[in-house]
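The values are calculated or read from the model by the stated rules, or taken from the named source; none is laboratory data. For clarity, every value in this text was computed on a predicted model and none was experimentally measured. Backbone-built Cβ (ideal geometry, glycine too); neighbour counts: all protein chains shown.
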Amino acid sequence: MEQFIKQKNKETGRYVAIKKFIEDDQTTLKIAHRELRALRRLRHENLVNMLEFTRRRKRLYIIFEFVDGNVLDYLESQPNKRIDPVRAKDITWQLLRALEFMHQHRMIHRDVKPENVLYSEREGVAKLCDFGFARPCAVINGERFTDYVATRWYRSPELLVKELLYESSVDIWAVGCLLPEMLSGDALFPGESDIDQLHLIISVRGYLPKHLVETFYKTPEFYSRRLPEPKHVPIERHCPILSGGLWAAKEFIEKCLTMDPDYRPGCAELLQTDYFNDEEFIKRKSILQEKITRFNQPYKAKSSKSIEKSASTSKLTHGRNILNGRNPYQMKNYEYKEKNEVKSMPEIQKHNKENFLRVPPTAHFGRGFMVLRFNSNIMN
């Protein structure tokens, strides 16, 4: 299980977000190991920053920088339930930068969705978070990838047909689903099952590539199913704002939603598309970069050597002394989404441990926490 808590450091006055894992089974432990491994390996200004972690009595605490919202929160807070195209472009640019960094380090996020993109409305800064399903691209010791990772609405065709070997292009597909959702307020492919999801995708994007068709018919789950014929529904029907002059955004989305993963462009190529090369965005980009740098300034990490000395992801242990003594934080429940959706959290870096978590064993974490239970068959 895992829980989220918002706390205030009394010494600095800054809020932090604490992710608490209750290590009550091997599945939860595997999630915790995976997230810590990713957090230590990945450092980027558009990835959420881990400040500290510690373990006590089968409780793992990961302390993150606090970001006051996520893309889903911001989307739902808008009067028309849509995000302005200018802000949507800024968010997408930052998300691609985060994914480009991950992919360069041969890591796949595998769960890109609005809840997992933190967004500070005041600063305009976006950060990708939640690395519980992140994993290296390479097959390790013959381990097969699982198809059940990303939330269904953002799953690529290769995941839906149960391909067990896939690449970072699954994250690119999710970006192509996220942008039209920000612009229109509605999910692009809101399937109710995997087969329904495939039908919706094929109706808009056309035939599956041959190797995915073969995988589909070899999958026991689909033995009695048949793939539909494409209806060639224009993407503007699902996202009408694209017909209002946003041709570059439409072209960008269609590139992300390339059916064959072998031909789906990578982040570096997408960042060079016309969508990000208009004069207005080029002028705004330098200001946005300054905001990102300023936002990250208080959380500048110590050298990587100090991180290595202070944290062990293999044993999930960290300086027990920080759990002794008084508690410098004001405990407060973290906010939760409706329908048991947890508000997304932040990730990676190290701060002065004297200012951080001292949680006594009897600390009361309050009521109303969302408890996430994980199925062991989705962990690869």
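Listing for the model above:
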quantity: Qualifying residue in region 78-85 (condition: outside any strand (DSSP E or B), among the β-branched types (Val, Ile, Thr), outside the structural domain of residue 133 (by TED's automatic domain parsing) and buried (at least 23 other Cβ atoms within 10 Å of the Cβ)); calculated: no
quantity: Residue 11 being touching a helix residue (DSSP H, G or I) at 6+ places or on another chain (Cβ under 9 Å) and either in a loop (DSSP other than H, G, I, E, B) or in the same structural domain as residue 125 (by TED's automatic domain parsing) (or both); calculated: yes
quantity: Residue among 157, 136 that is of a type outside the set (A, V, I, L, M), farther than 12 Å from residue 175 by Cα and at pLDDT 95 or above; calculated: 157
quantity: Inter-residue pairs, beta-carbon under 6 Å, first hydroxyl-bearing (Ser, Thr, Tyr) and in region 21-43, second assigned to a helix (DSSP H, G or I), 6+ apart; calculated: 27/376
quantity: Qualifying residues in region 55-71 (those that are at pLDDT below 85 and in contact with a Lys or Arg (Cβ under 9 Å, 6 or more places away or on another chain)) - the one surrounded by the most Cβ atoms within 10 Å (Cβ to Cβ); calculated: 60
quantity: Every residue from region 35-79 that is over 12 Å from residue 129 (Cα atoms) and either in contact with a Gly (Cβ under 6 Å, 6 or more places away or on another chain) or polar (S, T, N, Q) (or both); calculated: 54, 77, 78
quantity: Output for region 229-258, where each listed residue is within 18 Å of residue 153 (Cβ to Cβ) and surrounded by fewer than 14 Cβ atoms within 10 Å (Cβ to Cβ); calculated: 233, 237
quantity: Residue check for residue 106: out of contact with any helix residue (DSSP H, G or I) (no Cβ under 7 Å at 6 or more places or on another chain), under 23 Å from residue 272 (Cα atoms) and not aliphatic (A, V, I, L, M); calculated: yes
quantity: Output for region 238-280, where each listed residue is closer than 16 Å to residue 188 by Cα and in contact with a Leu (Cβ under 8 Å, 6 or more places away or on another chain); calculated: 238, 239, 241, 242, 249, 250, 252, 253, 255, 256, 259
quantity: Odd one out for residue 28 among (1) among the β-branched types (Val, Ile, Thr); (2) within 22 Å of residue 128 (Cα to Cα); (3) not in a helix (DSSP H, G or I); calculated: (3)
quantity: Filtered residue count, region 21-30, keeping only those that are surrounded by fewer than 22 Cβ atoms within 10 Å (Cβ to Cβ) and touching a helix residue (DSSP H, G or I) at 6+ places or on another chain (Cβ under 9 Å); calculated: 6
quantity: Residue in region 212-224 that is nearest to residue 177 (Cα to Cα), counting only those that are surrounded by 14 or more Cβ atoms within 10 Å (Cβ to Cβ) and of a type outside the set (A, V, I, L, M, F, W, C); calculated: 215
quantity: Hits in region 31-54 (condition: outside any loop (DSSP other than H, G, I, E, B) and surrounded by fewer than 20 Cβ atoms within 10 Å (Cβ to Cβ)); calculated: 33, 34, 37, 40, 41
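To keep it simple, each residue is scored yes or no on (1) of a type in the set (Lys, Arg); (2) more than 19 Å from the chain's Cα centre (by Cα); (3) modelled with pLDDT under 95; (4) not assigned by TED's automatic domain parsing to the domain that holds residue 275.
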| residue | (1), (2), (3), (4) |
| --- | --- |
| 147 | no, no, yes, no |
| 150 | no, no, yes, no |
| 153 | no, no, no, no |
| 163 | no, yes, yes, no |
| 173 | no, no, no, no |
| 177 | no, no, no, no |
| 180 | no, no, no, no |
| 187 | no, no, no, no |
| 190 | no, no, no, no |
